[in-house]
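One structure is given here, and the rest of the page talks about it.
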Amino acid sequence: MASRYILGVSAFYHDSAAALIRDGEILFAAHEERFTRKKHDPEFPVNAVKAALEHVSREEGRPFGVRDLDAVVFYDKPFLKLERLLETYYAFAPKGLRQFLSAVPVWAKEKMFLKKTIFEALAGIDPGAPKPRLLFTEHHLAHAASAFYPSPYEEAAVLTIDGVGEWATASICRGSGNRLKILKELRFPHSLGLLYSAFTYYTGFKVNSGEYKLMGLAPYGDPDSDRVKKFRELISTRLVNIKEDGSLWLNQEYFDYAAGLRMTDDRKFTELFGLPPRAPETDPEQPYCDMALAIQQVTEEAVLKMASHARELTGAKRLCLAGGVALNCVANGKLLTSGLFEDIWIQPAAGDAGGALGAALAAEHLYFSGGRRPAAASPRTDRMRGSYLGPEYSDAEIESALRPFGAVWEKLEDAELFERAASLIAEGKVVGWFQGRMEWGPRALGNRSILGDARNPDMQKKLNLKIKYREGFRPFAPSALIEDSGAFFENGISSPYMLLIDYVRTGRRRPLPEGYHSRPLKEKLYFQRSDIPAVTHLDYSARLQTVHKDTNPRYHALISAFKKLTGYGLIVNTSFNVRGEPIVMSPADAYRCFMGTEMDCLAAGNLLMYKEKQPASAREKDWSGRHGLD
């Protein structure tokens, strides 16, 4: 029986991507931004599709193109979205006239002829190929499929939460075998994701990009202060009403996203909180930190109530999560330790890019009735291949890409590479680590990463200000050997995709000085809170990645070499990019980033490069200001 190949696509909003599956097995998935170098690129993912087809061609040793696809699936239904927009403009008229006049011509020109646009893009990729079967799945069904089908579970509740799809802003589903059924939806304009994005905007960050900054700012709030309590009460009584089942109602008097061009009514927000919108790029003052903490607490309350209702509706003991709000690792950590479910699993690309994978999987199992592979032997072993699903490069290809720069390298055997890189990290050097297949999702998981020593008290400051060129308050994640997770963190959880928090063990903590929460942000930021200060956030939390030998043996070997040298099976891991730039994809991307920052060394495949040995002509100038807000 011939295999079935399905291409999933997300595009035309933000974070466009492509994913290719064969009989339900994930072969390839990548974000378009990594190819075009345009952060959150919304265009049709031509380059990601080409790379997916080329990957199958290499893997199977035969030409493979659009003509070989059994279906192409788009991640939402554009006419349902148009219906929502038109009804919203009508409901808020005349307030929505300006947005209506700006949005409808775009829909008339592009979105209403989406089939034509997709077919033309595919024809450009594989000229002469017959038109493939084109399918459309609802946005939240795509999210749910991306969460359930790759999970380790045969049965689970599935919770999706984001800004908005067509009409739905959250959904509860039941997954069983190859079946997936939507049981309940929350509908626009009432949205937990849009509520969080409204505060992202108001605290000076970029919507659909800076939500994780708001989450990172929250621990700088004072949990015992009257201001946090007041802000939370105002949010809960004036802005949002959260029901016991997790459904919520947003008071549209204070928001402008439904019919306007901003997230909030700034005048009414200012009157309510006594605080104007924070100007981007300014140092966050304490009131904004307290606001971030208040909205984080409200978000966690809503997520826990939604999850509790999902348990009641489905009776399932396990939970799968997707949608942009599922990237809130603090809420995820609270959910995991709440005891509501025995276990939870989160799609690594939980945002809109993940809809490409979900669309393909929904078509495989719900349209074609394809069966799922047997459940994994371990409840923690999923079908994502560690989320290493993008392009990869051989040493020969890396050498070819770097020669035009005049790059100077040493080529080492594996064991020597791991030992040398571990030694450099232990010396306080910052090492770019470019290995294997590129990660799928917004997190670098040890293949497109910048690495440092978590024990070094100056490492967070150095990485933020001299490597990433970003705000100094932003925390960094630890990569810990799975077998050592419990030695550093209280719960010792498995967190391979950096989507859960854990807390530094009490014995490793340093007590906070008296009056700590009343001190200026920078004083709080640089106080050493544990023996792994570079990855210990203000509340002793850490956005943990556990490293598993079976999914990433090279990264595991590097950290093991570091442990042998220092006794610590843990290092700092941040994405290989600077602010406002997508994570690097190619060897050339990695070398340019290496040469444009104060990174000390680059390990690309088995090639090790030192900054001081590189030609002056390869230096990149002014990278600190090259990219805008992220």
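The values are calculated or read from the model by the stated rules, or taken from the named source; none is laboratory data. What you are looking at is a predicted structure, and each value in this text was computed from that prediction instead of being measured. Cβ atoms come from the backbone with ideal geometry, glycine included; neighbour counts cover every protein chain shown.
Structure values in brief
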read-out: Members of the stretch 34-88 that are hydroxyl-bearing (Ser, Thr, Tyr) and surrounded by fewer than 17 Cβ atoms within 10 Å (Cβ to Cβ); value: SER57
read-out: Among (1) within 26 Å of the chain's Cα centre (by Cα); (2) more than 24 Å from LYS305 (Cβ to Cβ), the one test that THR200 misses; value: (2)
read-out: LYS462 vs. criteria touching a residue at least 60 places away in the same chain (Cβ under 8 Å), part of a loop (DSSP other than H, G, I, E, B) and charged (D, E, K, R); value: no
read-out: Lone qualifier among GLY436, GLY428, GLY432 - being farther than 22 Å from CYS329 by Cα, part of a strand (DSSP E or B), within 30 Å of the chain's Cα centre (by Cα) and not β-branched (Val, Ile, Thr); value: GLY432
read-out: Residue match in the stretch 538-561 (condition: over 24 Å from PRO348 (Cβ atoms) and at pLDDT 95 or above); value: yes
read-out: Any hit, the stretch 3-25, residues being aliphatic (A, V, I, L, M), part of a loop (DSSP other than H, G, I, E, B), crowded, with 22+ Cβ neighbours inside 10 Å and not assigned by TED's automatic domain parsing to the domain that holds PRO442; value: yes
read-out: GLY446 closer than 22 Å to THR566 by Cβ, part of a loop (DSSP other than H, G, I, E, B) and in contact (Cβ under 8 Å) with a residue 24 or more places away in the chain; value: yes
read-out: Residue tally, condition part of a strand (DSSP E or B), small (Gly, Ala, Ser) and surrounded by fewer than 24 Cβ atoms within 10 Å (Cβ to Cβ), over the stretch 153-205; value: 1
read-out: Filter result (over 24 Å from the mean Cα position of the chain (by Cα) and at pLDDT 95 or above) within the stretch 280-307; value: PRO287, ASP290
read-out: Which listed residue is assigned to a helix (DSSP H, G or I), surrounded by 22 or more Cβ atoms within 10 Å (Cβ to Cβ) and touching a helix residue (DSSP H, G or I) at 6+ places or on another chain (Cβ under 7 Å), from ALA407, ALA401, ALA422; value: ALA422
read-out: Members of the stretch 305-346 found to be without any contact (Cβ under 8 Å) to a residue 40 or more places away in the chain, touching a helix residue (DSSP H, G or I) at 6+ places or on another chain (Cβ under 7 Å) and farther than 15 Å from ALA218 by Cα, listed by number; value: LEU335, SER338, LEU340, ILE344
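A quick yes/no check of all residues on (1) closer than 30 Å to ALA310 by Cα; (2) not in a loop (DSSP other than H, G, I, E, B):
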site: TYR212; (1), (2): yes, yes
site: ARG238; (1), (2): yes, yes
site: GLU271; (1), (2): no, yes
site: PRO277; (1), (2): no, no
